[in-house]
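Contents: one structure, followed by commentary.
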Amino acid sequence: MILFSHPADFTPVCTTEFVALAESAGEFEQRDCALMALSVDSLFSHFAWLRLIRDRYDIEVRFPIVEDPTLVIGRAYGMVAPNDNDSATVRTTFFIDPEGVIRAMTCYPANVGRSTPEMLRTLDALQAVDNGPVLAPANWKPGEALLAQPDASLDTVFSAKGQTDWFMKETKRGSKR
């Protein structure tokens, strides 16, 4: 599951994010990943905003939006600073595995929107490394080689042919989507 906060309904950056996420909802579903938003706005504000998005952008937002007007959830997850009176300062995204463990998180300022392709790439990388003792290198994408976990023995270090061969070994390719 991906849980993400947004500063407020009826704001420009949040609207672009919701349009992008709704357009990519099928890609998240293919990866068995639910989307869930968190906002301080009320249920009826969400309804009005989602109607506006549908009417203006011809896309329906169907993932749930949790209302958090008291900031209890936002504070509990560290999405809102303890002394903040509103959620307008941060956009936090949590990648939560099926056991409820937060595996990754990103934070953006209120004036910078999330990257949906990067959210999908992060999700793909997390799922790929779950399939074995492998690592996803920088900028990794499905179909590219993953890295093997390094062997932490001095014999392996000394017997490696090249200087980096003991810790920088490509391994199987991650699944293509």
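The values are calculated or read from the model by the stated rules, or taken from the named source; none is laboratory data. Because the structure is a prediction, the values reported are computed rather than measured. Here the Cβ is made from the backbone with ideal geometry for all residues, glycine too, and neighbour counts use every protein chain on show. Surface areas here come from the heavy atoms of the whole protein model, side chains and all, with no ligands, DNA or RNA. Shrake-Rupley method; radii C 1.70, N 1.55, O 1.52, S 1.80 Å.
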Q: Restricting attention to strands (runs of 3 or more DSSP E) lying wholly within region 1-71, give those where 1 or more residues are touching a residue at least 40 places away in the same chain (Cβ under 8 Å) and open to solvent by less than 40 Å² (accessible area, probe 1.4 Å).
A: 2-5, 35-39
Q.
Looking at region 105-161 only, could you name the residues that are polar (S, T, N, Q), assigned to a loop (DSSP other than H, G, I, E, B) and farther than 30 Å from V80 by Cβ?
A. N131, N139, Q149, S153
Q) Only one of A76, A125, A138 is open to solvent by 70 Å² or more (accessible area, probe 1.4 Å), within 22 Å of I2 (Cβ to Cβ) and modelled with pLDDT of 90 or more; which? A) A138
Q | Residues of region 162-177 that turn out to be in a loop (DSSP other than H, G, I, E, B), of a type in the set (D, E, K, R) and surrounded by 11 or more Cβ atoms within 10 Å (Cβ to Cβ), as a count | A | 3
Q) Given the conditions (1) touching a Ser or Thr at 6+ places or on another chain (Cβ under 7 Å); (2) farther than 20 Å from V19 by Cα; (3) at pLDDT 95 or above, and given that F95 satisfies all but one, which numbered condition is not satisfied? A) (2)
